[in-house]
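The values are calculated or read from the model by the stated rules, or taken from the named source; none is laboratory data. The shown structure was predicted, so the numbers you read here are calculated from the model rather than taken from an experiment. Methodologically, a virtual Cβ is constructed for each residue, glycine included, from the backbone with ideal geometry; neighbour enumeration extends over all protein chains shown.
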């Protein structure tokens, strides 16, 4: 099995159990080893008193892209730490896209950067996540 095939199969196994991501209407459009791209349309209930997207939803989108990117190796991996910088507001009806890219991976740890943009290509947020592998895999040890 190629690394790309493994990434797709591990991602599908994780997606099947990810109720939060699916409930928020996120879609996964690209997966490769150490990379993932997810999108989400901002719904009315995701806006705050300023009529902009609540930052927690932007963080959640970035965190989900991060999660899928760092789980592409069929090793269960969780967030150890994450931070976000909000750069511009997002509004109801906007389609936000989070693109996660592996920056560094060694042993049980990894660092991933996620850029969140809107449908016009405007940067909305920058997210950095630190991952940590835990016991277990998404697929059997020798998936075919």
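For the range 26-51, the tally of residues that are more than 23 Å from residue 111 (Cα to Cα), crowded, with 19+ Cβ neighbours inside 10 Å and out of contact with any strand residue (DSSP E or B) (no Cβ under 7 Å at 6 or more places or on another chain) stands at 0. Looking across the range 95-144 at every residue that is assigned to a loop (DSSP other than H, G, I, E, B) and touching a strand residue (DSSP E or B) at 6+ places or on another chain (Cβ under 7 Å), the one that is surrounded by the most Cβ atoms within 10 Å (Cβ to Cβ) is identified as 118.
Scanning the range 71-94 for residues that are under 17 Å from residue 112 (Cα atoms), in contact with a strand residue (DSSP E or B) (Cβ under 8 Å, 6 or more places away or on another chain) and not in a strand (DSSP E or B) turns up 71, 72, 75, 76.
Just the residues that are touching a helix residue (DSSP H, G or I) at 6+ places or on another chain (Cβ under 8 Å) and in a loop (DSSP other than H, G, I, E, B), please, taken from the range 26-47. Matches in the range 26-47: 26, 33, 34, 42. So if I check each of 57, 112, which one is closer than 23 Å to residue 10 by Cα and in contact with a helix residue (DSSP H, G or I) (Cβ under 9 Å, 6 or more places away or on another chain)? From the options 57, 112, the qualifying one is 112. Residue by residue through the range 1-25, note down the ones that are modelled with pLDDT of 95 or more, in a loop (DSSP other than H, G, I, E, B) and surrounded by 12 or more Cβ atoms within 10 Å (Cβ to Cβ). Those that are modelled with pLDDT of 95 or more, in a loop (DSSP other than H, G, I, E, B) and surrounded by 12 or more Cβ atoms within 10 Å (Cβ to Cβ): 18, 24, 25.
If the requirement is being buried (at least 17 other Cβ atoms within 10 Å of the Cβ) and either at pLDDT 95 or above or more than 20 Å from residue 22 (Cα to Cα) (or both), which of these qualifies: 84, 78? Just one listed residue meets the conditions, 84.
Can you confirm whether the range 61-70 contains a residue that is surrounded by 16 or more Cβ atoms within 10 Å (Cβ to Cβ), outside any helix (DSSP H, G or I) and out of contact with any strand residue (DSSP E or B) (no Cβ under 6 Å at 6 or more places or on another chain)? No, the range 61-70 contains no residue that is surrounded by 16 or more Cβ atoms within 10 Å (Cβ to Cβ), outside any helix (DSSP H, G or I) and out of contact with any strand residue (DSSP E or B) (no Cβ under 6 Å at 6 or more places or on another chain). Only one of the numbered conditions (1) closer than 15 Å to residue 34 by Cβ; (2) surrounded by 21 or more Cβ atoms within 10 Å (Cβ to Cβ); (3) touching a residue at least 60 places away in the same chain (Cβ under 8 Å) is violated by residue 73, and that is (2).
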